[in-house]
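Below: one structure in structure tokens.
Each reported figure results from applying straightforward, stated rules to the coordinates on display, with no laboratory input. Computed from a predicted model, the values in this text were never measured in an experiment. Here the Cβ is made from the backbone with ideal geometry for all residues, glycine too, and neighbour counts use every protein chain on show.
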Amino acid sequence: MKNMKVEKELQKYLNKLLRYTDNYLTVLALSEMNPEEILWVEDKKLKSLASLIYLCRDMLTYVPHEINYTGTKFKVKLINTAF
């Protein structure tokens, strides 16, 4: 159940970042940053969203999941889990 909440939160933050940047490649780059790289981001909103995305992705490290871009938004889906 907890993983489903994290899945929805991750999707929400990815889409907020997409609305803010209007560029899915930027979203992908920011979502793959490590904590040290996030600290160097100057824009406070980008830094905040990148941090939240990192936290969600870290919580899903051992949970199979996929992130898809549909052309207008991101969809996060847990794969074959009993959670």
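Looking at the chain as a GNM with Cα springs under 10 Å, which of Glu66, Glu32, Glu42 has the largest mean-square fluctuation?
Glu42
Kindly put Lys45, Lys12 in sequence by how many other C-beta atoms sit within 10 Å of each C-beta, fewest to most.
Lys45, Lys12
If each residue of separation counts as 0.36 nm, what is the full-extension length gain between Asp22 and Glu66 once their alpha-carbon separation is subtracted? Please report the intermediate quantities before stating the final value.
Working: separation 44, 0.36 × 44 = 15.84 nm, distance 2.11 nm.
Going from the current span to full extension adds 13.7 nm.
Using a 10 Å cut-off around each Cβ, can you sort Ser31, Ser48 from fewest to most neighbouring Cβ atoms?
Ser48, Ser31
Efficiency by 1/(1 + (r/R0)^6): what FRET value for Met4 and Asp43, r their Cβ-Cβ distance, R0 = 22 Å, to the nearest 0.05?
Values: r = 30 Å, r/R0 = 1.37.
Computed FRET efficiency for Met4 and Asp43: 0.15.
Could you please rank Thr21, Thr26, Thr61, placing first whichever residue has the fewest other Cβ atoms within 10 Å of its Cβ?
Ranking Thr21, Thr26, Thr61 by Cβ neighbours within 10 Å, fewest first, gives Thr61, Thr26, Thr21.
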